[in-house]
Amino acid sequence: MLVRKINYFRLLGTRLSSSHYVTTPIFYVNAAPHIGHLYSAVIADAHCRYQRLRYPDSNVRLCTGTDEHGTKIQQAAATHKVPVAQYCDEISERYRHVFGLAGIAHDDFIRTTEQRHKEAVAHFWQRLQARGHIYSAAYSGWYCVSDETFLTDSQLRLDESSGIRHSLESGHPVEWTEETNYMFRLSQFQDDVRHWVQQEARIRPAKFEKILLDTLSEQLPDVSVSRPSNRVHWAIPVPNDETQTVYVWLDALINYLSSLGYPNEQYLAHWPPAQQIIGKDILKFHGIYWPAFLIAAGLEPPRQLYVHSHWTVDGQKMSKSKHNVVDPLQAAQQYTMEGLRYFLLREGVAHSDGNFSHVKALRILNSELADTLGNLLSRACAKTLNPQQIYPSPHVEHLTALLQELDAAKRLQELLLQLAARCEEHYECNHFHLVADTTIATLHAANNFFECAKPWELKPGGKAPNAPRLQTIIAITMDALRLCAIVLQPMIPQLTSQLLNKLTVPSSQRSWQHLCLSSASSSSSSSSHSRQLDEQSNALLFQRIVEQQDKSTQQKQQQQQLPGKAKKQRKATVKANS
Ligand code: MSP
């Protein structure tokens with residue numbers, strides 16, 4: 001009971017403290033970014049955008065960057081016959097570029113080859129050493145270059161035919177290594193790490209907590225934290241011992257501190273991280289080594305590790321040898337970057353692997369972003385129904401009448417009233433797929449309301465012209481769009497900004513507290529007066545993606561039948577996709 005109480009206050013403290021420091025893993029520069037890497041960054045970005053939206057007073061900070069030392073990078077540069085430093089610059093820049101295009105709003109992009117990082121590593125090392133947690137020893141074991149880690153016999157698989165051992169988890173080959181290293185007394189931190197892991201909501205999703213506790217149920221061995229410089233020269237030298245370089249994982253983990261200016265005390269303004277986003281393959285490093293290193297150095301470990309699973313492609317693990325690695329830049333040409341962000345967050349779930357399939361991406365983006373969200377905006381802004389191009393305010397008597405007459409109106413209002421609370425619950429757990437589910441269900445209801453209300457019958461020259469009722473229908477529809485766009489901002493920031501611009505919703509009225517219905521509460525209304533739509537913003541939000549094959553068949557048919565019209569349409573498609 002007492003423990004629960006303490007946890008409650010701790011959580012409360014987390015929410016009340018103004019700093020909210022979030023990190024992505026730093027990415028190896030041995031190869032170009034793929035959608036799996038982008039996924040880690042997009043989760044972190046959407047998480048931070050939500051935090052800023054929901055808690056405008058909190059001091060949110062997002063750090064990402066590149067991991068540039070070690071044998072793996074040395075070898076990749078050699079293979080490409082490029083000097084290592086230049087190789088690192090090039091790949092690091094590609095990460096920056098992709099993240100820029102994907103709207104990853106990071107506050108810092110750290111590179112482990114930077115001087116500020118090297119100084120932080122040296123300081124951290126000396127602290128561990130001064131506290132007696134590092135010793136020198138002869139060490140031998142199986143080293144996996146690709147995973148940059150020593151593995152125990154139980155973590156290996158022997159290929160009988162070739163006699164080569166591979167890492168059970170990653171499948172990469174290992175090599176026998178005998179050397180003198182510095183060791184870290186990990187074995188002494190077993191209880192501390194277990195205690196840390198067991199705190200409420202420390203590791204999410206819970207299945208990864210269980211994996212860590214299983215690992216911790218066996219005695220932890222001490223770990224090697226340096227390699228001989230003559231073997232691994234592209235690394236940070238061990239302070240006061242030029243013959244050794246710092247183990248790449250210790251080096252890499254310290255980026256989370258060096259980004260904050262550690263060892264300068266200013267780092268304390270953000271320490272410890274509120275949430276560290278990582279993929280499942282690097283759980284051991286973040287869930288065991290990292291808290292142990294920090295506790296050993298007298299620092300507080302992170303408040304939460306959020307672990308996501310991996311993307312496969314058409315059911316297969318992504319790998320260079322299978323030629324199935326999905327390049328985010330190429331994918332964005334087909335789906336747009338916002339489309340790709342949406343797909344990753346909408347389709348990925350943290351607790352199990354997601355399958356990246358073109359067919360699925362097409363289906364989701366077309367049905368949700370084009371047909372459900374985009375189409376509703378186009379319809380509400382169509383000049384035939386909305387010749388004055390306004391975001392009208394509802395007429396109370398028509399609003400009441402619509403709610404009484406149409407089940408679809410009642411249903412929509414119910415969903416809109418629940419939208420903020422439901423999505424808040426999902427965002428708090430990084431359940432972006434559920435935010436999308438909830439919002440898209442609301443937009444389906446809005447489309448259904450629009451259909452049932454038949455606004456086209458109310459326009460001048462229609463079956464039953466009625467301008468105030470028509471305005472009210474458009475007002476309700478635009479309110480639904482406005483609220484759904486506010487909610488979706490963390491997931492698709494550019495599309496929602498375009499939509500809110502079109503509706504001329506001022507930037508100061510796009511935060512979580514503005515998630516109230518103008519038609520439900522007049523006092524909080526942000527659209528209590530009709531206002532002009534923004535003519536400059538395009539009402540065509542997301543162009544349906546047409547398969548290349550379908551497109552050319554379609555175009556051929558059109559050319560044969562109606563040459564003039566087809567030409568015009570072809571132009572329109574090219575423009576919309578560019
Ligand atoms: N450099 C280390 C991390 C050091 S952090 C102190 C590293 N880099 S990585 O480039 O290999 O991976 C970075 C992130 O990308 C990890 O979170 C990893 O899980 C993620 N992904 C790599 N492949 C992935 C998929 N196929 N799917 C989803 N995420 C994937 O590890």
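The values are calculated or read from the model by the stated rules, or taken from the named source; none is laboratory data. What you see is a predicted model, and the numbers here were worked out from it, not measured in a lab. Cβ atoms come from the backbone with ideal geometry, glycine included; neighbour counts cover every protein chain shown. Calculation scope for accessible area: heavy atoms of the full protein, side chains included, ligands and nucleic acids excluded. Shrake-Rupley method; radii C 1.70, N 1.55, O 1.52, S 1.80 Å.
What residue, of ALA445, ALA453, ALA436, is more than 22 Å from HIS514 (Cα to Cα), touching a helix residue (DSSP H, G or I) at 6+ places or on another chain (Cβ under 9 Å) and surrounded by 16 or more Cβ atoms within 10 Å (Cβ to Cβ)? Don't jump to the end; show me each part of the working.
Details: ALA445 fails: more than 22 Å from HIS514 (Cα to Cα); ALA436 fails: more than 22 Å from HIS514 (Cα to Cα).
Testing whether each residue is more than 22 Å from HIS514 (Cα to Cα), touching a helix residue (DSSP H, G or I) at 6+ places or on another chain (Cβ under 9 Å) and surrounded by 16 or more Cβ atoms within 10 Å (Cβ to Cβ) leaves just ALA453.
Of the residues that make up region 334-347, is at least one touching a residue at least 60 places away in the same chain (Cβ under 8 Å), farther than 20 Å from PHE208 by Cα and of a type in the set (Gly, Ala, Ser)? So far as region 334-347 goes, yes, one or more of its residues are touching a residue at least 60 places away in the same chain (Cβ under 8 Å), farther than 20 Å from PHE208 by Cα and of a type in the set (Gly, Ala, Ser).
Every residue, every condition in (1) among the β-branched types (Val, Ile, Thr); (2) over 30 Å from ARG116 (Cβ atoms); (3) in a strand (DSSP E or B); (4) touching a residue at least 60 places away in the same chain (Cβ under 8 Å), yes or no:
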| position | (1), (2), (3), (4) |
| --- | --- |
| TRP176 | no, yes, yes, no |
| MET183 | no, no, yes, no |
| SER187 | no, yes, no, no |
| ASP191 | no, yes, no, no |
| GLU200 | no, yes, no, yes |
| PHE208 | no, yes, no, yes |
| LEU212 | no, yes, no, yes |
| GLN219 | no, yes, no, no |
| HIS233 | no, no, no, yes |
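Taking residues in region 129-151 that are on the phi > 0 side of the Ramachandran plot, and partners anywhere that are in a helix (DSSP H, G or I) and open to solvent by less than 50 Å² (accessible area, probe 1.4 Å), the pairs with Cβ atoms closer than 9 Å and at least 6 places apart or on different chains are GLU148/THR71; GLU148/LYS72; GLU148/VAL248; GLU148/TRP249; GLU148/ALA252. Counting only strands (runs of 3 or more DSSP E) that fall entirely inside region 27-144 and contain at least 3 residues that are more than 16 Å from the ligand (Cβ to nearest atom), closer than 26 Å to GLY261 by Cβ and in contact with a Lys or Arg (Cβ under 8 Å, 6 or more places away or on another chain), no element qualifies.
The set of residues in region 216-246 that are in contact with a strand residue (DSSP E or B) (Cβ under 6 Å, 6 or more places away or on another chain), away from the ligand (no atom under 16 Å from the Cβ) and of a type in the set (Gly, Ala, Ser) comprises SER224, SER226, SER229. Evaluating LEU362 against the criteria (1) touching a helix residue (DSSP H, G or I) at 6+ places or on another chain (Cβ under 7 Å); (2) open to solvent by less than 40 Å² (accessible area, probe 1.4 Å); (3) not aromatic (Phe, Trp, Tyr) leaves one unmet condition, (1).
Scanning region 459-489 for residues that are within 15 Å of GLN389 (Cβ to Cβ), assigned to a helix (DSSP H, G or I) and in contact with a Ser or Thr (Cβ under 9 Å, 6 or more places away or on another chain) turns up GLN471, ALA475, MET478. For region 247-267, the candidate set comprises residues that are more than 12 Å from the ligand (Cβ to nearest atom) and of a type outside the set (Phe, Trp, Tyr); within that set, the residue that is most open to solvent (accessible area, probe 1.4 Å) is GLU265.
Looking across region 428-459, the residues that are aromatic (Phe, Trp, Tyr), farther than 17 Å from LEU417 by Cβ and out of contact with any His (no Cβ under 9 Å at 6 or more places or on another chain) come down to PHE450, TRP456.
Among residues of region 308-319 that are without any contact (Cβ under 8 Å) to a residue 24 or more places away in the chain, those with a Cβ under 8 angstrom from a residue that is among the polar types (S, T, N, Q) and more than 7 Å from the ligand (Cβ to nearest atom), sequence gap 6+ or separate chain, pair up as GLN316/ASN324.
On inspection, ALA105 fails the criterion of being at pLDDT 95 or above, under 29 Å from GLU178 (Cα atoms), among the small types (Gly, Ala, Ser) and open to solvent by 20 Å² or more (accessible area, probe 1.4 Å). Of all residues in region 314-335, those satisfying the criterion of being over 27 Å from TYR256 (Cβ atoms) and surrounded by 20 or more Cβ atoms within 10 Å (Cβ to Cβ) are ALA331, TYR335.
Determine, yes or no, whether ILE282 is assigned to a helix (DSSP H, G or I), farther than 18 Å from HIS37 by Cβ and among the hydrophobic types (A, V, I, L, M, F, W, C).
In short, no.
If only residues of region 277-289 that are over 17 Å from the mean Cα position of the chain (by Cα) and crowded, with 22+ Cβ neighbours inside 10 Å are counted, the one that is nearest to the ligand (Cβ to nearest atom) is HIS286. Within region 153-188, the set of residues being small (Gly, Ala, Ser) and closer than 21 Å to PHE285 by Cβ comprises SER154, SER167, SER170, GLY171, SER187.
Reported count of residues in region 161-179, each being charged (D, E, K, R), open to solvent by 20 Å² or more (accessible area, probe 1.4 Å) and closer than 15 Å to GLY141 by Cβ, is 3.
Taking the listed residues SER507, SER497, SER528, the one that is modelled with pLDDT under 95 and at negative phi is SER528, with no other qualifying.
Checking TYR135, TYR139, TYR182 one by one, the residue that is at pLDDT 90 or above and buried (at least 18 other Cβ atoms within 10 Å of the Cβ) is TYR182 and no other. Limited to region 296-313, what total is found for residues that are at pLDDT below 95 and open to solvent by less than 10 Å² (accessible area, probe 1.4 Å)? The total comes to 0. Against the criterion of being assigned to a helix (DSSP H, G or I), in contact with a helix residue (DSSP H, G or I) (Cβ under 9 Å, 6 or more places away or on another chain) and crowded, with 19+ Cβ neighbours inside 10 Å, ALA292 qualifies. Of all residues in region 196-215, those that are surrounded by fewer than 17 Cβ atoms within 10 Å (Cβ to Cβ) and under 21 Å from TYR427 (Cβ atoms) total 4.
Tally the residues that are within 16 Å of ALA274 (Cβ to Cβ), of a type outside the set (Phe, Trp, Tyr) and open to solvent by 10 Å² or more (accessible area, probe 1.4 Å), restricting the search to region 27-55.
4
Does ILE91 satisfy being surrounded by 19 or more Cβ atoms within 10 Å (Cβ to Cβ), in contact (Cβ under 8 Å) with a residue 40 or more places away in the chain and touching a strand residue (DSSP E or B) at 6+ places or on another chain (Cβ under 6 Å)?
So ILE91 does not fit the description; no.
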